[in-house]
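*Asks:* If you scroll down you'll find the structure; I have some questions about it.
The values are calculated or read from the model by the stated rules, or taken from the named source; none is laboratory data. Computed from a prediction, not measured in an experiment: that's the story for all the values here. As a convention, Cβ positions derive from the backbone with ideal geometry for all residues, glycine included, and neighbour counts pool all protein chains shown.
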Amino acid sequence: MYLRYETEHLLLAIGNEESAKIINEYLVRNREDFSKWDLKLNDSYFTMEYQIRAVQAEQRIFLKNEGARYYLFLKDDPHRVIGNVSFGLTENKEDHTCIIGYKTDRAERGNGYAYEAASFLIPKIAKDYGVKRFQAEILPENLPSKALIEKLGFHFEKVVRNAHEFDGIERDILLYVLDVR
């Protein structure tokens, strides 16, 4: 895996301390929108201190070959984060399973950037990390996420009851999978 890739429209890069400021700007800019689909985050998450620690942790994970979070930038605007695609190996590395996650800046949705990045990265992650199965966990009402994951070739596997707590309420998630054996 490389720290940086280019696709037709995008630059994909692992975060670093120098990019923490623009990563934080992206998260703050989309805080309300992302809160519909994410676990509740407190105010400290949206600080430079936290984001510097977060990119340092992401770098350690990347260097240990346990996962990767690539931030998305438009080629013609390389100083503004417009999304991210993340991959994390499950705790049982012998099962060769990876969890995928993604977010897109609300101003850039509908342009196919998350699809462009994920479809580019999935084969690389599979090859370099030996992943045989990708999983995506999606809230049932998140129709855009379901559409993206199905376009990427994932199929619905099952409903996981009371999988995560959102705003103090246990929520079901839909588990989608992509086998690349």
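*Asks:* What number goes with the only condition from (1) at pLDDT below 95; (2) among the charged types (D, E, K, R); (3) over 25 Å from PHE166 (Cβ atoms); (4) surrounded by fewer than 13 Cβ atoms within 10 Å (Cβ to Cβ) that GLU49 does not pass?
*Replies:* The number of the failed condition is (1).
*Asks:* Within the bounds of the stretch 148-160, is there any residue that is surrounded by 16 or more Cβ atoms within 10 Å (Cβ to Cβ), part of a strand (DSSP E or B) and in contact with a helix residue (DSSP H, G or I) (Cβ under 9 Å, 6 or more places away or on another chain)?
*Replies:* no
*Asks:* Mind checking whether some residue in the stretch 6-17 is in contact with a Gly (Cβ under 9 Å, 6 or more places away or on another chain) and within 28 Å of GLY130 (Cα to Cα)?
*Replies:* Checked against the condition, which is being in contact with a Gly (Cβ under 9 Å, 6 or more places away or on another chain) and within 28 Å of GLY130 (Cα to Cα), the stretch 6-17 yields at least one hit.
*Asks:* Let me ask something else. Report the residue count in the stretch 122-181 for those that are among the basic types (Lys, Arg) and closer than 21 Å to GLY110 by Cα.
*Replies:* 2
*Asks:* Can I ask one more? Among the residues that make up the stretch 3-14, is at least one of them acidic (Asp, Glu), in contact (Cβ under 8 Å) with a residue 24 or more places away in the chain and over 27 Å from LYS124 (Cβ atoms)?
*Replies:* Within the stretch 3-14, not a single residue is acidic (Asp, Glu), in contact (Cβ under 8 Å) with a residue 24 or more places away in the chain and over 27 Å from LYS124 (Cβ atoms).
*Asks:* Tally time: how many residues in the stretch 117-138 are touching a strand residue (DSSP E or B) at 6+ places or on another chain (Cβ under 6 Å), of a type in the set (A, V, I, L, M, F, W, C) and surrounded by fewer than 19 Cβ atoms within 10 Å (Cβ to Cβ)?
*Replies:* Number satisfying all stated conditions: 0.
*Asks:* Sticking with this structure for a sec: Take ALA68 and tell me if it is of a type in the set (A, V, I, L, M, F, W, C) and either within 18 Å of LYS146 (Cα to Cα) or surrounded by fewer than 17 Cβ atoms within 10 Å (Cβ to Cβ) (or both).
*Replies:* Answer is no for this residue.
*Asks:* Does GLN56 fit the bill of being surrounded by 18 or more Cβ atoms within 10 Å (Cβ to Cβ) and over 23 Å from ILE149 (Cβ atoms)?
*Replies:* For GLN56, the condition - surrounded by 18 or more Cβ atoms within 10 Å (Cβ to Cβ) and over 23 Å from ILE149 (Cβ atoms) - is not met.
*Asks:* Which of the following residues is surrounded by 14 or more Cβ atoms within 10 Å (Cβ to Cβ), of a type in the set (A, V, I, L, M), at pLDDT 95 or above and under 12 Å from the mean Cα position of the chain (by Cα): VAL85, VAL81?
*Replies:* Testing whether each residue is surrounded by 14 or more Cβ atoms within 10 Å (Cβ to Cβ), of a type in the set (A, V, I, L, M), at pLDDT 95 or above and under 12 Å from the mean Cα position of the chain (by Cα) leaves just VAL85.
*Asks:* Further question: With (1) under 15 Å from the mean Cα position of the chain (by Cα); (2) modelled with pLDDT of 95 or more as the list, and ASP38 as the residue in question, which single condition is left unmet?
*Replies:* Tallying (1) under 15 Å from the mean Cα position of the chain (by Cα); (2) modelled with pLDDT of 95 or more, ASP38 fails exactly one: (2).
Yes or no, residue by residue, for (1) free of Cβ contacts under 8 Å to residues at least 12 places away in the same chain; (2) closer than 21 Å to LEU10 by Cβ; (3) under 17 Å from the mean Cα position of the chain (by Cα):
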{"site": "ILE100", "(1), (2), (3)": "no, yes, yes"}
{"site": "LYS103", "(1), (2), (3)": "no, yes, yes"}
{"site": "PHE120", "(1), (2), (3)": "no, yes, yes"}
{"site": "LYS127", "(1), (2), (3)": "yes, yes, no"}
{"site": "ALA147", "(1), (2), (3)": "yes, yes, yes"}
{"site": "VAL160", "(1), (2), (3)": "no, no, no"}
{"site": "ILE169", "(1), (2), (3)": "yes, no, no"}
{"site": "LEU175", "(1), (2), (3)": "no, no, yes"}
